[in-house]
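Read through the structure below, which is laid out as C-alpha cells, and then see the notes.
The values are calculated or read from the model by the stated rules, or taken from the named source; none is laboratory data. For clarity, every value in this text was computed on a predicted model and none was experimentally measured. A quick note on method: Cβ atoms are made from the backbone with ideal geometry, for glycine too, and the neighbour counts reach across all protein chains shown. Accessible surface is based on the protein model in full, side chains and every heavy atom, while ligands, DNA and RNA are left aside. Shrake-Rupley method; radii C 1.70, N 1.55, O 1.52, S 1.80 Å.
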Amino acid sequence: MSPPVNRVHSDEALPAAADVVVIGGGIAGVTAAYHLAKKGHSVALVEKGYLAGEQSSRNWGWCRQQNRDLRELPLAMRAVEMWNGLSEEVGADVGFRRTGLIYLTTNRSDMDLWERWGDDARQYQMQTRMLSAEEARALAPHAKGAWIGGVHSPTDGRAEPAMAVPAIAEAARRLGVTIHQDCAARGLETAAGRVSGVVTEKGTIRTSAVLLSGGVWTAMFARHHGIRMPLAGIKSTSFFTGPAPEITAGGISTPDLTIRRRVDGGFTVGISGRGLLELSPHGMLNARPFWRTFKKRHKLLTIRAGKSFFYGPEALMRWSNDSISPFERMRTYDPPAQEELITFAKKRLAEIFPQLANVEIKHKYGGLIDFTPDWVPVISAIEALPGLHVSAGFSGHGFGIGPAAGRLAADIVAGDSPIVDPHPYRYSRLVDGTDLGEPGLM
C-alpha cells in the first residue's frame, strides 16, 4: 500500500504554452521545475498520478555523500549542502537533519572497499572516517553484532520523503510553476525535427523544451518516440515503525538492513541489497548492458515471472497520442511489499537492535527502482530529438541527490553553466557504450 504523502492541490487550467514542460512529479521533476522557475522560465509540471506517489515517497530518506560512486560524488556533495538550507529556502520543513550516517560491517571486503573509497574521495575534500571495531561499538552502542569496524560520515543527513517533494512543489508554485496531477503526458508533438508540444490527456501544451523525469516509466515514454532508454526495474520492500527509542539520531547501515530516524519518532527500515526482479519484455530487450550488475547482485534477488510481463512500466505497449495511454491505466505503480522480506527484516531488526524488537510496524510497502547499467543517472539532452531532455535512472539515489540533480537538469535545459560537470550523466554513454564504467557503490 502506498505510503502516506502530504498532498498538493492541482492548478485547474492547463496552460496553452510554457517555456518548459516537466513530465513527472517525483523529486527529480519537482526540483527541476523549481530551479527553472527561479531562473525566470514559465514551467508546467504534469504528473499522471500525484506528486511523490511512487519512488520519491518510498525511499529510505538518506541524504548522503558517503560511498557514492565517485562520478556522482560532486553532485551528492552539492545536494547535501542544498538540503541543509532547503527548509528555510522553501518556507516549510522538509525533514532534513544533518545527523550523520554510520556504516557497520562484519566483512573485511567492506572495510577494504570503504577505505579505498575514502582515499579516492579525498580529492573532493569529503569528510569521512574509518572506524575500528571499538569505535564502531562506541558510536553505535545499541547495534549488536560482531562488527569488525565501519565508516562514519558526520556531514551526511536524512530527510522526510513524504514532506520534501510537496514542500518544494509549493515553493515552485509560488514562483509561477503550474502543477497538473491526474494529467498523464501521452506523447510529444514535433515540428521541423524538434519538440513543439506535449500532448496530455487534458490537452496540448505548446513548448520547445521538455524534461522527461518519469522514474520507472521513463523508458516506456521514450520508446514511444523511438528512443532507447536502457533502464532496469528492481522491486524493493521497506517499512516504517511507530514511535521507538532513539537508538540513533541519524541512520545506520548494516549488511542486512538500514534504519533511519524519522521526525515522527519512528524509524524507516530498508532491506540492503535484496529485492525482486520480475521478468519483463523491456528487461529482456536491455539484458546485455546489465549483465555485469546481474552477476554481482543476483544472489540477493528473487527472480520470477509476474505481472510485469503484461502490465506496468516494463511491459511493451503501443498507443497513439489521441488514445488512452498506459500512464492513464496505472496512475500509481504500487507493488506490494514482499512478505518474506518483511519477515527477514523483522528478525534481523530484533537481533541487531533489541530495543526495536517489539516496535509496531506502522506501514509496509513496495517500490520499483529505476537502475542504469552503471548505477549513475541520466541527466542530459537527447540529441536525436532536440528539445527533449531526460532526468532519470537514479538507481536508488534520486532522493538524496535530488536538489542538486534538479538544479543540474534546469541548467542543462536552460543552457546555463552547469552546477557540476554534466559529462558523467550524459545519455549517449548508455547507447554507445563509451566510458560505461563498472557499477559503483550503492
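Filter region 388-398 down to residues that are in a loop (DSSP other than H, G, I, E, B), small (Gly, Ala, Ser) and open to solvent by less than 10 Å² (accessible area, probe 1.4 Å) and give me whichever is farthest from TRP60 (Cα to Cα).
That would be GLY393.
Give the residue, chosen from GLU328, GLU340, GLU383, that is among the charged types (D, E, K, R), part of a helix (DSSP H, G or I) and either open to solvent by 40 Å² or more (accessible area, probe 1.4 Å) or at pLDDT below 95 (or both).
Checking each option against the conditions leaves just GLU340.
Assess whether ALA315 counts as being surrounded by 15 or more Cβ atoms within 10 Å (Cβ to Cβ), more than 15 Å from the chain's Cα centre (by Cα), of a type in the set (Gly, Ala, Ser) and farther than 27 Å from MET163 by Cα.
Yes; evaluated as a whole, the condition is true for this residue.
How many residues, within region 145-161, are out of contact with any Gly (no Cβ under 8 Å at 6 or more places or on another chain) and open to solvent by 20 Å² or more (accessible area, probe 1.4 Å)?
3
Take the residues in region 57-83 that are among the charged types (D, E, K, R) and assigned to a helix (DSSP H, G or I), then tell me which one is farthest from GLY24 (Cα to Cα).
Step by step, filter region 57-83, then rank; the result is GLU81.
Out of the residues in region 105-144 meeting the condition of being assigned to a loop (DSSP other than H, G, I, E, B) and either charged (D, E, K, R) or open to solvent by 40 Å² or more (accessible area, probe 1.4 Å) (or both), tell me which one is modelled with the lowest pLDDT.
Checked region 105-144; the qualifying residue modelled with the lowest pLDDT is GLN127.
Looking at region 410-423, is at least one residue open to solvent by 50 Å² or more (accessible area, probe 1.4 Å), closer than 30 Å to LEU285 by Cβ, in a helix (DSSP H, G or I) and out of contact with any helix residue (DSSP H, G or I) (no Cβ under 7 Å at 6 or more places or on another chain)?
Yes, the conditions are met somewhere in region 410-423.
Of all residues being more than 16 Å from the chain's Cα centre (by Cα), small (Gly, Ala, Ser) and modelled with pLDDT of 95 or more in region 8-32, which is least open to solvent (accessible area, probe 1.4 Å)? Just the residue, please.
Among those that are more than 16 Å from the chain's Cα centre (by Cα), small (Gly, Ala, Ser) and modelled with pLDDT of 95 or more, it is ALA18.
Could you grab me the full set of residues in region 168-205 that are open to solvent by 10 Å² or more (accessible area, probe 1.4 Å) and part of a helix (DSSP H, G or I)?
GLU170, ARG173, ARG174, listed by residue number.
Take region 349-377 and flag every residue that is out of contact with any helix residue (DSSP H, G or I) (no Cβ under 6 Å at 6 or more places or on another chain), open to solvent by less than 10 Å² (accessible area, probe 1.4 Å) and part of a strand (DSSP E or B).
TYR365, GLY366
Can you pull out every residue in region 231-249 that is assigned to a loop (DSSP other than H, G, I, E, B) and buried (at least 23 other Cβ atoms within 10 Å of the Cβ)?
LEU231
So which pairs qualify, if the first residue must be in region 271-291 and open to solvent by less than 20 Å² (accessible area, probe 1.4 Å) and hydrophobic (A, V, I, L, M, F, W, C), the second must be assigned to a helix (DSSP H, G or I) and modelled with pLDDT of 70 or more, the Cβ gap must be under 9 Å, and the two must be at least 6 apart or on different chains?
ILE271/LEU341; ILE271/ILE342; ILE271/PHE344; ILE271/ALA345; ILE271/ARG348; LEU276/LEU341
Which condition number in (1) touching a strand residue (DSSP E or B) at 6+ places or on another chain (Cβ under 8 Å); (2) open to solvent by 10 Å² or more (accessible area, probe 1.4 Å); (3) not acidic (Asp, Glu) is the one that ASN67 fails?
For ASN67, the failing item is (2).
In this structure, does ASP334 turn out to be open to solvent by less than 10 Å² (accessible area, probe 1.4 Å) and part of a loop (DSSP other than H, G, I, E, B)?
no
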